[in-house]
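K.L.:
Quick one: structure below, then a few questions.
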Amino acid sequence: MAGLLDLLLPPRCAACGRPGWPLCGPCTASVGVIVPPVCERCGRPTDEPVAVCGDCPPPAVDAARSPFLYAGPLARAIRGMKFSGWHGLADPLAAAMVEVLGARPEVVTWVPLSRRRRARRGFDQAEALARAVARRLDLPAASLLRRIRDTRPQARRTAEDRRRALAGSFVAVDRAPPTVVLVDDVLTTGSTAAACAAPLRRAGARRVVVLTAARSVGDPVPARCFQRPA
């Protein structure tokens, strides 16, 4: 049945709407891919290998990894998943995410939406990604956190403002194993991730690794991230 439906309604690019799933050829060619060298701690692309960098998330986060840069077609696709409910993007994004993870955790969890935002959107994009990642790793996906305080959108705030706004916004709802992978769609300053990592540590986690589909970074971004092998 799925094949018949594809003939009638061929999958469309999640970024531009042209034929091609999850992205068409031209959009795929424009995606920024994070390739070494990177910051050892947070995975940000760098000119040379470094142990830590100026874009590292707060100390509650042990490490962070993302396969893609949050820019161009991929950013449009993730916004479509987030605000238009394109659940089908979770699996292809998860396939790329597990390739860069490195760590072997005991459990996969996610940054939860507030009840109000989840009800408005109809699903939680971070949960969808986490469950897809867990399936590929053959690990349990567990809801270890609850958001107890909703916050305004953080996109236009400074890193310090974000940290203050998000402090105390999450609580652990279950005991956490020693190593936890915390999944979200995009990593920017790491303030949200740190606000989740702190209660996970209090619940027993000794290492919290953040895994996101994309990483938002400021300039400069190495040109190699947008170059494809010949």
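Coordinate-derived values only; no laboratory data. These figures come from a predicted structure and were not determined experimentally. Every residue, glycine as well, gets a Cβ built from its backbone with ideal geometry; the counts of neighbours run over all protein chains shown.
K.L.:
Just to confirm a number: summing +1 for Lys and Arg and -1 for Asp and Glu over residues other than residue 100 whose beta-carbon lies under 11 angstrom from that of residue 100, what do you get?
P.N.:
For residues surrounding residue 100, the net value is +1.
K.L.:
Between residue 171 and residue 219, what length in nm is gained on full extension when 0.36 nm per residue of separation is reduced by their alpha carbon distance?
P.N.:
13.9 nm
K.L.:
Follow-up. For a test of the definition: using alpha carbon positions, the gyration tensor, and the 1.5 limit on a/c, classify segment 6-58 as rounded, prolate or oblate.
P.N.:
prolate
K.L.:
Per the helix-only calculation at 222 nm, which mean residue ellipticity applies to the chain, given -39500 (n - 2.57) for every DSSP H run of n ≥ 4 and division by its residues, nearest 500 deg cm²/dmol? Kindly include the intermediate steps, with their values, before the conclusion.
P.N.:
Values: 8 runs with 77 residues, N = 230.
Mean residue ellipticity at 222 nm (helix-derived): -9500 deg cm²/dmol.
K.L.:
With an 8 Å Cα cut-off and a minimum separation of 6 or more residues, compute the relative contact order for the chain in percent.
P.N.:
Numbers: 449 pairs, mean separation 53.8, N = 230.
The value is 23 percent.
K.L.:
Where a ≥ b ≥ c are the square roots of the eigenvalues of the C-alpha gyration tensor, would you call the chain rounded, which needs a/c under 1.5, or, failing that, prolate if a/b is larger than b/c, or oblate?
P.N.:
The shape class here is oblate.
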